[in-house]
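Quick notes on the structure that follows.
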Amino acid sequence: MHTTFQIETRGQGLYEITGQVAAWVAGAEIDAAALTLFVRHTSASLVIQENADPQVRTDLRAFFHRLVPPGNDPSMAYLTHTDEGPDDMPAHIKAALLPVSITIPTIRGQMTLGIWQGIYLFEHRSQPHQREVAALLR
Amino acid sequence: MHTTFQIETRGQGLYEITGQVAAWVAGAEIDAAALTLFVRHTSASLVIQENADPQVRTDLRAFFHRLVPPGNDPSMAYLTHTDEGPDDMPAHIKAALLPVSITIPTIRGQMTLGIWQGIYLFEHRSQPHQREVAALLR
Amino acid sequence: MHTTFQIETRGQGLYEITGQVAAWVAGAEIDAAALTLFVRHTSASLVIQENADPQVRTDLRAFFHRLVPPGNDPSMAYLTHTDEGPDDMPAHIKAALLPVSITIPTIRGQMTLGIWQGIYLFEHRSQPHQREVAALLR
C-alpha cells in the first residue's frame with residue numbers, strides 16, 4: 001500500500017500532517033506493519049514533535065534559524081552555493097540535519113505514536129512550495 | 001512480530017538497550033527482515049553509538065548540552081515554551097535533532113550492527129522517566 | 001533481498017552511492033517495497049542531498065566542520081575521548097547528529113527519490129576507510 005501526500009507550504013515553519021497520515025493508515029487491514037514516510041526534497045524535513053503547545057514549534061524554528069542563519073548573515077560568509085538566495089543553502093543544511101525519512105510501527109491501522117507526538121513537514125524555504133511525502137505501509 | 005521495550009531513565013544521558021533488542025530479535029525465524037525502533041516521546045531519542053569507551057557517551061552529552069543549553073542559560077532567552085522547566089524545550093529541540101526512529105536490517109535473527117555499534121536511548125529530561133520504544137520486525 | 005555495499009573513502013566528505021543502490025534496486029520484482037540503508041559505523045553517516053551543484057557538498061562539509069570542530073580546536077577542550085586523534089570524537093558526534101539509517105519507498109524497482117536527491121555516504125574521518133552499508137529491500 002503506497003501513496004504520496006501533497007503539502008502546500010507558505011514559508012518556513014512546521015506543517016502538521018498527522019491527521020491525513022492517520023486517516024490513510026486507518027484503511028489498512030494489516031495487523032502489524034511499518035509505515036515509512038519519505039520527503040522527496042532537499043530543502044524540507046520530516047519531524048515528530050509535541051502537538052500540544054504551539055510555542056514548541058515557534059521555539060524549534062527559532063533554534064534552527066540561530067543554528068543555521070540565512071546566507072546573508074556575516075557568520076555564513078563561507079558559503080559558496082549562494083545563487084538561489086539566502087534561504088537556499090541553509091535549507092539544504094537543515095535538510096541534512098533533520099530526518100528525510102521516518103518509520104513508525106502500526107498496529108491494526110493505528111500508528112504507535114506517543115500521546116504528545118504529531119508528524120510535521122518542516123519547510124526550510126521562504127517562498128510557497130508544493131511538497132511531496134511518499135508513504136509506504138508494509 | 002512487535003513489542004514495546006520499557007526503559008527507566010534517571011536523568012539525562014545514554015542508556016544502552018542493545019542486549020534486550022538483540023535477545024528479542026534472536027527469536028525471529030525470518031531470513032532477512034527490517035527491525036524498526038521508534039521512541040514514543042518528544043523529549044528522548046534513539047542513537048547508535050560506540051559501545052566501547054564510555055567517554056564517548058560523556059562527550060556526546062557534553063556536546064549536546066553546549067549545542068542546546070538549558071533554558072535558563074542567557075543564550076536561550078529567546079525560548080517561549082518555558083513552563084515545564086529549563087530542561088523541557090531543550091529536550092524537544094534535541095528530540096528534533098536526533099533520531100526518533102531507526103531501521104536496522106536483520107539476517108537470520110541477528111542485527112547487522114557494526115562491531116562497535118550499540119543502540120542507546122538518549123534521555124533529554126532531568127527527572128526520572130519511564131520510556132517506551134515500539135519495535136517491529138517484519 | 002539484502003546486500004552490503006562497500007565504499008572506499010579517502011578522507012572527510014560526501015561520496016555518492018545513488019547509482020550502485022539504484023542498480024541493485026532495479027533487480028527487484030516487488031511492486032511496492034521499502035529500501036533500508038544502514039551504515040555499519042559510528043564515524044560515518046548516510047545523507048540525502050542535492051546532486052546537482054557540487055558546492056552544496058562543499059558547504060555542507062564546511063558547516064559541519066564549524067559545528068563540530070576538530071578535537072585540537074580550543075572550543076573542544078572539554079572532550080575526554082581523545083586517544084584516537086582530533087578527528088575521532090567529532091566524527092562520533094557527527095554520526096549521532098546525522099542519519100545512520102534511511103528508508104526509501106520503492107515502486108516497481110525504482111526509488112521514489114525526488115529529482116534533485118542523491119544518496120551519499122558522509123565520511124567523518126580523515127584517513128582512508130573501507131565502509132559498509134547494509135541494504136534490505138522488503
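Coordinate-derived values only; no laboratory data. Because the structure is a prediction, the values reported are computed rather than measured. Every residue, glycine as well, gets a Cβ built from its backbone with ideal geometry; the counts of neighbours run over all protein chains shown.
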**Request:** Among the residues of region A:43-65, count how many are closer than 24 Å to A:E132 by Cα, assigned to a helix (DSSP H, G or I) and not hydrophobic (A, V, I, L, M, F, W, C).
**Result:** 4
**Item:** Pick from region A:80-111, criterion in a loop (DSSP other than H, G, I, E, B) and under 30 Å from B:L136 (Cβ atoms), ranking: farthest from the chain's Cα centre (by Cα)
**Value:** A:R108
**Item:** Unique match (being touching an Asp or Glu at 6+ places or on another chain (Cβ under 8 Å) and closer than 19 Å to A:I93 by Cβ) among C:H129, C:H92, C:H124, C:H65
**Value:** C:H124
**Item:** Residues of region C:99-138 classified as surrounded by fewer than 19 Cβ atoms within 10 Å (Cβ to Cβ) and either over 17 Å from A:S101 (Cα atoms) or among the aromatic types (F, W, Y) (or both), total
**Value:** 9
**Item:** Hits in region A:112-134 - residues which are more than 13 Å from the chain's Cα centre (by Cα) and at the interface with another protein chain (Cβ under 9 Å from one of its Cβ atoms)
**Value:** A:T112, A:L113, A:G114, A:I115, A:W116, A:Q117
**Request:** Specify the residue that is nearest to A:L113 (Cα to Cα); the eligible residues are those in region A:1-21 that are of a type outside the set (F, W, Y) and within 14 Å of chain C (Cβ to nearest Cβ).
**Result:** A:V21
**Prompt:** Only one of these conditions is not met by A:W24: (1) under 20 Å from B:T42 (Cβ atoms); (2) in a helix (DSSP H, G or I); (3) more than 10 Å from every other protein chain (Cβ to nearest Cβ). Which number is it?
**Reply:** (1)
**Prompt:** Which ones in region C:90-111 are within 11 Å of chain A (Cβ to nearest Cβ) and either in contact with a helix residue (DSSP H, G or I) (Cβ under 9 Å, 6 or more places away or on another chain) or of a type outside the set (S, T, N, Q) (or both)?
**Reply:** C:K94, C:L97, C:L98, C:P99, C:I102, C:I104, C:P105, C:T106, C:I107, C:R108, C:M111
**Prompt:** Across region B:22-62, which residue is nearest to A:I119 (Cα to Cα) among those that are crowded, with 22+ Cβ neighbours inside 10 Å and in contact with an Asp or Glu (Cβ under 6 Å, 6 or more places away or on another chain)?
**Reply:** B:T42
**Asked** Restricting attention to region B:66-79, does a residue exist that is outside any loop (DSSP other than H, G, I, E, B), surrounded by fewer than 16 Cβ atoms within 10 Å (Cβ to Cβ) and either hydrophobic (A, V, I, L, M, F, W, C) or within 13 Å of chain C (Cβ to nearest Cβ) (or both)?
**Response** yes
**Prompt:** Name the residues in region A:8-21 that are part of a strand (DSSP E or B), over 10 Å from the mean Cα position of the chain (by Cα) and not acidic (D, E), would you?
**Reply:** A:T9, A:R10
**Prompt:** Any idea which of (1) aliphatic (A, V, I, L, M); (2) touching a Lys or Arg at 6+ places or on another chain (Cβ under 6 Å); (3) surrounded by fewer than 21 Cβ atoms within 10 Å (Cβ to Cβ) is the one C:A91 doesn't satisfy?
**Reply:** (3)
**Residue check for A:Q20: without any contact (Cβ under 8 Å) to a residue 24 or more places away in the chain, farther than 25 Å from C:Y120 by Cα, touching a strand residue (DSSP E or B) at 6+ places or on another chain (Cβ under 7 Å) and not aliphatic (A, V, I, L, M)** = yes
**Fill in**
Going through region A:48-64 in order, the residues found to be more than 13 Å from chain C (Cβ to nearest Cβ) and either within 21 Å of A:E8 (Cα to Cα) or in contact with a strand residue (DSSP E or B) (Cβ under 9 Å, 6 or more places away or on another chain) (or both) are A:I48, A:Q49, A:E50, A:N51, A:A52, A:P54, A:V56, A:R57, A:T58, A:L60, A:R61
**Prompt:** Got at least one residue in region C:69-87 being over 30 Å from A:G85 (Cβ atoms) and in contact (Cβ under 8 Å) with a residue 24 or more places away in the chain?
**Reply:** yes
**Request:** Return yes when C:S43 is more than 9 Å from chain A (Cβ to nearest Cβ), hydroxyl-bearing (S, T, Y) and within 13 Å of the chain's Cα centre (by Cα) and no when it is not.
**Result:** yes
**Request:** Determine whether region A:30-42 contains at least one residue that is among the small types (G, A, S) and either under 23 Å from B:H92 (Cβ atoms) or in a loop (DSSP other than H, G, I, E, B) (or both).
**Result:** no
